[in-house]
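The values are calculated or read from the model by the stated rules, or taken from the named source; none is laboratory data. Nothing here was measured: the structure is a model prediction, and the numbers come from that model. Note: ideal-geometry Cβ built from the backbone for every residue, glycine included; neighbour counts use all protein chains shown.
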Amino acid sequence: ERTSVAILGAGPAGLLLSHLLHLNGIASILVEARDREYVQARVRAGVVEHGAADILRQAGVGERMDREGLPHGGIELRFDGAGHRIAMSELTGRHITVYGQQEIVHDLAERRIADGGDVRFACGPAAIHDVDSGEPSVTYTVDGAEHRIVADFVVACDGAHGAGRPAMGETLKTFEKVYPFAWLGILAHAAPRVDELVYANHERGFALYSMRSHEVTRLYLQVPSTDRLEDWSDERIWDELAVRFSLDGEPWEPTRGEIFERSLAPLRSYVGEPMQRGRLFLAGDAAHTVPPTGAKGMNLAIRDVDLLARALTEQLRHGAEEGLRTYTDRALRAVWRAEYFSWWMTTMLHRFDGDSGFDRRVQTAQLRSVVGSEAHATALSENYVG
Ligand code: FAD
Ligand code: DHB
């Protein structure tokens, strides 16, 4: 088989890329390892920044997000037993939208299928070949039969553990930081007690109050990376949250409800440079990882493919190579800014085991500066809303 662009991975990056290419009249085949139900049920990000929401709207896939998503104009930083609102909308004129990543994936998959797009789920892990030649290809095996797709270009949108990273070979220079903790995340059938997200720094560790709707609460706890889900009973999770969200020295309880989803996510920062080798391009988590504290991962994935869709279109329609040649440099500028912001938020809000009294006091001083200085709060807001 032959196509213009072969895409690996049906996360937000891969699905949006195949949709954007379709809008530009470019054919693609998308190959996803897992089945559609699994991909659409995978619970992850929840914050869509201003620019990413605009990209989705302009691509005609923002309608349900605008109807059902929750526009938020601020966040709360809670520390030393007090809450402080960061008025992001007043400071930047923009807002974020709280809308689940799996809803975006659902909307994109629906739209690709309605448009007759070639999106193949349940293919098992695909492999990438001959990216340094003029005829790169992708192979996958279903029911013992091997399928090969030859393409002009291959784009790996297959996340941190896909075929894209290894296919870069020795040309890839990697930059990495691993944090000694993870996030335990839950979804519960409970009306959120707050209207805006609460990022809490408590001496027992970080906690985050988020939501998916007026009926569903999303909560996170910083836990040591050695913890397992079995270590955390429902009771222990709720009790710990109440302590970490304390106000004036008193526990402050999120509204409780049935926990219907739970997961552990390790925190790490990773960038691979460049984001291209020959006719292979990397986008989204395949190229970079950010710790979730800044809510940037999905947003970066959307930005990457927005750049890449334009560059591939210019090349395939007009033979203009400039866009593809400069893709790595342009994408990496936004990537490193998000890496910086995510690292900054992570270090400001979490507890680090080895921290001295000096480190703790500097962290508190930093938080006081952010909530006390309009300039500092504006810098946080600009980065957060994107
Ligand atoms: P993925 O969504 O990982 O998709 C990759 C796809 O490729 C998968 O479907 C996978 O099955 C498939 N695949 C893998 N290998 C192969 C192969 N060999 N062949 C074929 N298919 C393959 N980001 C935000 O912006 N805001 C947030 O609020 C936020 N919160 C987060 C909270 C948590 C707990 C976590 C874990 C992440 C969060 N993120 C957040 C990050 C965000 O979820 C990711 O950055 C995002 O999923 C990246 O999208 P992607 O399309 O690049 O990759
Ligand atoms: C959510 C996740 C994040 O990483 C974050 O910073 C804010 C919200 C969420 O899943 O709702």
Checklist entry - Restricted to the stretch 271-299, and to residues that are assigned to a strand (DSSP E or B) and in contact with a Lys or Arg (Cβ under 8 Å, 6 or more places away or on another chain), which residue is farthest from ligand 2 (Cβ to nearest atom)? => result E273
Checklist entry - Among the residues of the stretch 174-204, how many are over 21 Å from T289 (Cβ atoms) and either more than 20 Å from the chain's Cα centre (by Cα) or more than 16 Å from ligand 1 (Cβ to nearest atom) (or both)? => result 13
Next on the checklist: Could you tell me how many of the residues in the stretch 255-266 are in contact with a His (Cβ under 8 Å, 6 or more places away or on another chain) and assigned to a strand (DSSP E or B)?
Outcome noted: 2
Item to check | Count of residues meeting criterion [touching a Cys at 6+ places or on another chain (Cβ under 7 Å) and under 16 Å from L280 (Cα atoms)] in the stretch 6-52 | outcome: 7
Checklist entry - Among the strands (runs of 3 or more DSSP E) confined wholly to the stretch 97-146, which include 2 or more residues that are surrounded by fewer than 19 Cβ atoms within 10 Å (Cβ to Cβ) and β-branched (V, I, T)? => result 137-142
Next on the checklist: Can you find a residue that is under 21 Å from A200 (Cβ atoms) and assigned by TED's automatic domain parsing to the domain that holds D130 anywhere in the stretch 272-284?
Outcome noted: no
Checklist outcome for this item: A careful count of residues in the stretch 92-136 that are within 14 Å of ligand 1 (Cβ to nearest atom), among the polar types (S, T, N, Q) and in contact (Cβ under 8 Å) with a residue 60 or more places away in the chain gives 2
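Quick check on this structure: which one of G257, G294 is of a type in the set (G, A, S), in contact with a Ser or Thr (Cβ under 9 Å, 6 or more places away or on another chain) and not assigned by TED's automatic domain parsing to the domain that holds A41? Working first, answer last.
Values: G294 fails: not assigned by TED's automatic domain parsing to the domain that holds A41.
None of the others qualify; the one that does is G257.
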Checklist outcome for this item: Taking the stretch 203-218 and keeping only residues that are away from ligand 2 (no atom under 11 Å from the Cβ) and either assigned to a strand (DSSP E or B) or buried (at least 23 other Cβ atoms within 10 Å of the Cβ) (or both), one is left with G205, A207
Next on the checklist: If a residue counts only when it is away from ligand 2 (no atom under 16 Å from the Cβ), which strands (runs of 3 or more DSSP E) contained entirely in the stretch 1-88 have at least 2 such residues?
Outcome noted: 2-8, 28-31, 82-86
